[in-house]
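Since the structure comes first, as C-alpha cells, the remarks are kept for the end.
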Amino acid sequence: MRRVHGRLREALTITRDAVERGDPAEDPARELLLFCHGFCSALDAHHRGEDRTLFPAIAAAHPDLAPVLRALEQDHSMIGHLLGGLQAAVESRSGPEVLARHLEGVAAIMESHFRYEERQLLTVLDGLELSADPGEALGSL
C-alpha cells in the first residue's frame, strides 16, 4: 500500500510540475491532459481496486473495521468528484491558476486520505490472507 501511495504521490508531483512550468505562450492544458489522464486513471484504479477487492477482504476478516472502511469509501467518492472537476478544467483549457487550485484540492484530500488509510490498515494488511492479485486489490502501478 505504501509503495502504491508513493507512486501516486509522485504522479501528482509530476502533474503539478507540468502546470507550474507551463509557458503562458503555450497551452498548459495540452501537456497537462497527458499527465492528468495518467494520474487520474491511476488514482481511480487504485480506489476501485480497494473498494471491490481489498476492503471486502478486510471487512470479512475484521468486521470491527466497518466504520473505517465506510469512511475510506466516502473519501474515494469525494476524491473521484474532485478528479472529475480537475478533468473538466483540463478539458475546458482552464488557465494554470485554476488547474493549480484543482490540483491543490486533490492533493490535500488525497494526502489526508492516504495517511488515515495507512494508520488504520497497514498492520491489518500484514496479517491479511488475500486471495486476489495485489495489483487487482491496490491498482497496478
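The values are calculated or read from the model by the stated rules, or taken from the named source; none is laboratory data. Remember, it's a predicted structure, so these values are computed and weren't measured experimentally. We place every Cβ from the backbone using ideal geometry, glycine too, and count neighbours over all the protein chains shown.
Checking the structure you have, find out if any residue of region 106-117 is of a type in the set (Asp, Glu) and either surrounded by fewer than 17 Cβ atoms within 10 Å (Cβ to Cβ) or under 17 Å from residue 35 (Cα atoms) (or both). So that I can check it myself, show each step before the final result.
Within region 106-117, the first condition is being of a type in the set (Asp, Glu), and the residues that meet it are 111, 117.
Next, from what is left, pick out any that are either surrounded by fewer than 17 Cβ atoms within 10 Å (Cβ to Cβ) or under 17 Å from residue 35 (Cα atoms) (or both): 111.
Looking through region 106-117, at least one residue is of a type in the set (Asp, Glu) and either surrounded by fewer than 17 Cβ atoms within 10 Å (Cβ to Cβ) or under 17 Å from residue 35 (Cα atoms) (or both).
Quick one: how many residues across region 73-92 are assigned to a helix (DSSP H, G or I) and farther than 15 Å from residue 106 by Cα? Let's see the steps before the verdict.
Just the residues of region 73-92 that are assigned to a helix (DSSP H, G or I), to begin with: 73-91.
Okay, now just the ones that are also farther than 15 Å from residue 106 by Cα, so 73, 91.
Here the count works out to 2.
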Problem set entry | When residues of region 110-141 are limited to those that are modelled with pLDDT of 85 or more and among the aliphatic types (A, V, I, L, M), the one farthest from residue 58 (Cα to Cα) | 110
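Just to be sure before I move on: is residue 80 under 12 Å from the mean Cα position of the chain (by Cα) and at pLDDT 90 or above in the structure I sent?
Yes.
Quick grid of which residues meet (1) in a helix (DSSP H, G or I); (2) of a type in the set (Asp, Glu); (3) farther than 19 Å from residue 44 by Cα; (4) out of contact with any Leu (no Cβ under 6 Å at 6 or more places or on another chain):
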| residue | (1), (2), (3), (4) |
| --- | --- |
| 65 | yes, no, yes, yes |
| 102 | yes, no, no, no |
| 105 | yes, no, no, no |
| 113 | yes, no, no, yes |
| 124 | yes, no, yes, yes |
For this session: Can you give me the number of residues within region 49-84 that are over 18 Å from residue 113 (Cα atoms) and free of Cβ contacts under 8 Å to residues at least 40 places away in the same chain?
Result: 5
